[in-house]
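Worksheet for the structure shown next.
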Amino acid sequence: MTTLSLMATRTWSRLPRRHVPVLATLLLLLVLYGVGVSQYRAFSNIQVIFNVFIDNGFLLVVAVGMTFVILTGGIDLSVGSVVAMTAMVSAFLLREGLPAALVLVIALLIGPTLGFLMGCVIHFFDIQPFIVTLAGMFFARGMCTFISGSSIPISDGFWTRMSQQRIGNPSGNFVSISVIIAFAVVAVAAYTLAYTRLGRNVYAIGGNPQSGLLMGLPVGRTRIAVYTISGLCAAIGGILLSFYTLSGAPLIAVGMELDVIAAVVIGGTVLTGGSGYVFGTVLGVLVLGVIQTLITFDGSLNSWWTKIVIGGLLFAFILLQRLIGIRYK
Amino acid sequence: MSNRTAGDRALTRHRLFWPVVVLVVLLAANTAYRPSFLSVQMRDGHLYGSLIDILRLSAPLILVALGMTLVIATGGIDLSVGSLCAISGAIACLYISRQPDQNSLGGVLTALALGLGVALVLGAWNGVLVAVIGIQPIIATLILMVAGRGLAQLITEGQILTINSDPYKAIGVGHLLTLPLAIFVALAAALLIAAVTRRTALGLIIESVGGNAQASRLAGIRSARITFLVYVISAACAAVAGFMITANVSSADGNAAGLWVELDAILAVVIGGTSLAGGRFSLSGTILGALLIQTLTTTVYAMNISPQTSLLFKAVVVIAVCLIQAPGFRARFARRRAPASAPAPVTEQPKEQVPA
């Protein structure tokens, strides 16, 4: 009985500690939203929140993929370029007159294939993820301009339908299909991380690859899998972006990897791996989205303030993680 | 094949062998494509030619990469150098643009001092985050990478600041002894860093901190101080590179100045044989790597391929060079080739991996 209650108190006192970063992000999000509501009357409209989701659906999907990679202690710099390449390839193939279903399949295959290859190079040749995914980023960005130097509009029926379809209630509030897809991806990812063997392996390897290996976990397979997942998420993100913009542009999503990494870190995932949640990443993306909305609402603040604020938040959250003593290598 | 000497093998195993081969292949390809590539002309007392251009344009990259080499040698990484280039260039240009006489040497020197000073402060910020607070380098410098771009745009107020100052312009396009001044600046920085690190114990100390910061500290080295120092040096190098980049076009663009230079610099360092894990560095390798990247970029421009597509070539070269240098890749080849009695073919295979 005593041991039981002791254990209970111990788990009770340990649990919040792990959740503090996520709770801090949640608090920050609420504060930001509160500031918005108190400053601007239109901010309290529920559609503002929906718009944050609509504008950042693709970012959310990509950030979910990045969460997997960062949980294993790796990093994937190629996501922004893969997003652009996927949008570009779909726009190009659609212009060539291929049926939408086939284009979708091809576009969704490119990202995971690239991710798989990068994972293999990282694992088998023991080259730093940073360098390999950097090369992947250059490759994908180069492919974009190789396909076309200028942006390609999409006029395909399926794409325009997906872009313009509004799912909403009679009072006029709506979300796009992209948001539904993004939520589906989030749900699948959260389930995978929490309840499947792959998810537990990801956490274990992120915690300590050496002991993961000694425990007999498939370190190589898991590591390749996370880069493939990240590639798949980037590909889905690319499709969502092409729904959103109805075009493929060679220079779209430049520097997106930084936003994604920032969102994941602000969401409480530790960059050395092993600790973090998909839910935190969702909050991180929302924080970025709300900041952008605030700056748009203000009108007098310029876009560079977004970067400065994101940098400041990154610093605050890393410091917070440090203070509450989450292990750093 | 069988009479291959030990000297040959030592040569092909040398860290810088493959980068040199790629560089030579690139130069050869350029010459084949455009025979005038190698010619250097004397015009108005200055030397002109593609080779000179490559040297001049690679000067900022060499500078940034030199600082990056020291950071990477301690096992860290500095992602903020691109933003620092933009900030220092923007500050210098802003100060000069506010001067009544933009051509006064004193004003330009003050502007340079201001830009360098701010960069040093930001470098110290990076250093404190990494060495004192103990944040992972990649994250600590990511903060300034993201926020720094915003700061640079804040300084230029989102505009492209254009200045008209001959002394400042000279940093980018001026000449000295028939050669572009930028080359001398880069060379001086390289010699200075080489002298300080290789003629004193500092280089060894940096390597030991990169090898094992804890052990170095126990051996009596002030690891934290060394780590702090390399970020400040890196920031100083980035600042000078930022002056060059902005002086080249006589304007400061908070958004575009030094964009992706951190990635190019890291590539240059890696191609030069410095391990990202830290503990060892090669300054000559870094300079070679920077020259290789600039030659690649120039080659792509010269062949009328769009600059963005050059990234494709960069990706191929990076992967090829990294694979060839990776111990894992070599070991794999050695293992596969080991049963075949002759050891000679071991180094033969990778040649196919080198893109022309």
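Assorted remarks:
- Burial ordering of A:L251, A:L198, A:L241, B:L112, fewest other beta-carbon atoms within 10 Å first: A:L251, A:L198, B:L112, A:L241
- Part-to-part distance (alpha-carbon centres) for segment A:82-139 and segment B:93-117, which is given in Å: 47 Å
- Dipole axis of the protein assembly as shown (+1 Lys, Arg; -1 Asp, Glu on Cβ), positive-most option in A:A182, B:G174, A:V290: A:A182
- Volume per residue of the C-alpha convex hull in segment A:33-108, rounded to whole Å³: 147 Å³
- Restricting segment B:206-247 to trypsin sites (Lys or Arg not before Pro) that sit in a DSSP loop and have at most 14 other Cβ atoms within 10 Å of their own Cβ leaves B:R222.
- Just so you know, the Rg over Rh for segment A:20-323 is 0.97, from Cα atoms, with Rh as the Kirkwood radius.
- Order of A:E257, B:E157, B:E207 - criterion: other Cβ atoms within 10 Å of each residue's Cβ, fewest first: B:E157, B:E207, A:E257
- Here, the protein assembly as shown yields an orientationally averaged convex hull projection of 37.0 nm² when only Cα atoms define the hull.
- Remark on segment B:47-325: hydrodynamic radius 18.8 angstrom, per the Kirkwood mean of 1/r across alpha carbon pairs.
- Helical content alone sets the calculated 222 nm signal of chain B at -22000 deg cm²/dmol, taking -39,500 (n - 2.57) per DSSP H segment of four or more residues and averaging over every residue.
- Computed over chain B with a Gaussian network model linking Cα atoms closer than 10 Å, the most mobile of B:I62, B:I135, B:I87 is B:I135.
- Rg to Rh quotient for segment B:42-117, alpha carbon positions, Kirkwood Rh: 1.10
- The spacing between segment A:61-79 and segment B:144-210, judged by their C-alpha centroids, is 33 Å.
- Across segment B:141-222, Cα-Cα pairs more than 14 Å apart make up 77 percent of the total.
- Across every direction, the projection of the convex hull enclosing the Cα atoms of segment B:178-231 has a mean area of 4.3 nm².
- A cut-off under 12 angstrom between Cβ atoms defines the neighbours of B:G127, and their net charge, with Lys, Arg +1 and Asp, Glu -1, is 0.
- Environment charge of A:Q292, counting only residues whose C-beta is closer than 12 Å and scoring Lys/Arg +1, Asp/Glu -1: -2
- The local environment of B:V64, defined by Cβ-Cβ distances under 10 Å, has a net charge of -3 under the rule Lys, Arg +1 and Asp, Glu -1.
- If you take the alpha carbon atoms of segment B:102-144 and fit the smallest convex hull around them, that volume is 61 Å³ per residue.
- Longest to shortest principal axis, alpha-carbon extents of segment A:122-235, angstrom: 56, 40, 17
Readers should treat all values here as calculations from the given coordinates under stated rules, not as data from a laboratory. Just so it is clear, the structure is predicted and the values come from calculations on it, not from any experiment. Backbone-built Cβ (ideal geometry, glycine too); neighbour counts: all protein chains shown.
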